1. Put a dot 7 Å past each Cα toward the Cβ at Ala115 and Thr44; how far apart are the dots in nm?
2. Out of the total accessible area of the range 1-140 (probe 1.4 Å, heavy atoms of protein only), what percent is carbon and sulfur?
3. Per residue, how large is the accessible surface of the range 76-136? Use a 1.4 angstrom probe and give square angstrom.
4. First measure r as the distance between the Cβ atoms of Leu129 and Leu52, then evaluate 1/(1 + (r/R0)^6) with R0 = 22 Å and state the FRET efficiency to the nearest 0.05.
5. Ignoring ligands, DNA and RNA, how do Asp88, Asp17, Asp3 rank by accessible area with a 1.4 Å probe, largest first?
Amino acid sequence: PTDIMDAFLGGLAILTDPYMLGVILAGTLLGIVVGALPGISGSTTTALLLPLTVTMTPGAALAFLGSIYCAANFGGSITAILINTPGDPSASATAFDGYPMAKRGEAGRALGISAISSAIGGIFSVFVLIVAAPLYSTSPEPAMLTDKVLLACTPASPEPAMEMSTSSATSSRARTSP
């Protein structure tokens, strides 16, 4: 636990550097603008702008690309709310509720909800990463640890997820037989 706290405080100390704050701000603004353009996702933008990070330090490059990716997810919701065209694939569900709110004159409220939701989700995922990363680095088998986490997140249900009827099982066996 103390190693996690030391790493967390070290990360916060990096954020006090004005250069890092500028890199994160530039990546965030660029990500919001590009995320609002339909057809260009956050992962495409990070791939296209990867050559810009050649002269940066590794920490600054990761912060720049990470802020572009995260901000593009929010940027896609802007067009999803305002014109019912998601700018990013992850914003397609935002159009279901956001665009009707915009038609009722509540576009500002919808954009605010989207921004707050994106911020909460981003902060929560960073905390999960801070806790989970040391587990992955010390585990002898990362794939086994991933399986345990996924199993723990799976809801227990007495009913099977899929049931195959006897008629469909018979017809599928009939098609596969020679």
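The values are calculated or read from the model by the stated rules, or taken from the named source; none is laboratory data. The structure presented is a predicted model; accordingly, all values stated were derived computationally and were not measured. For neighbour counting, all protein chains shown are included, and Cβ atoms are generated from backbone atoms with ideal geometry for every residue, glycine included. All accessible areas refer to the heavy atoms of the entire protein, side chains included, with ligands and DNA or RNA removed. Shrake-Rupley method; radii C 1.70, N 1.55, O 1.52, S 1.80 Å.
1. 2.6 nm
2. Working: 6340 of 8420 Å².
That share works out to 75 percent.
3. On the way: 3640 Å² over 61 residues.
Result: 60 Å² per residue.
4. Working: r = 24 Å, r/R0 = 1.10.
Given R0 = 22 Å and the Cβ-Cβ separation, E is 0.35.
5. Numbers: Asp88 10, Asp17 65, Asp3 120 Å².
Accessible-area ranking of Asp88, Asp17, Asp3, largest first: Asp3, Asp17, Asp88.
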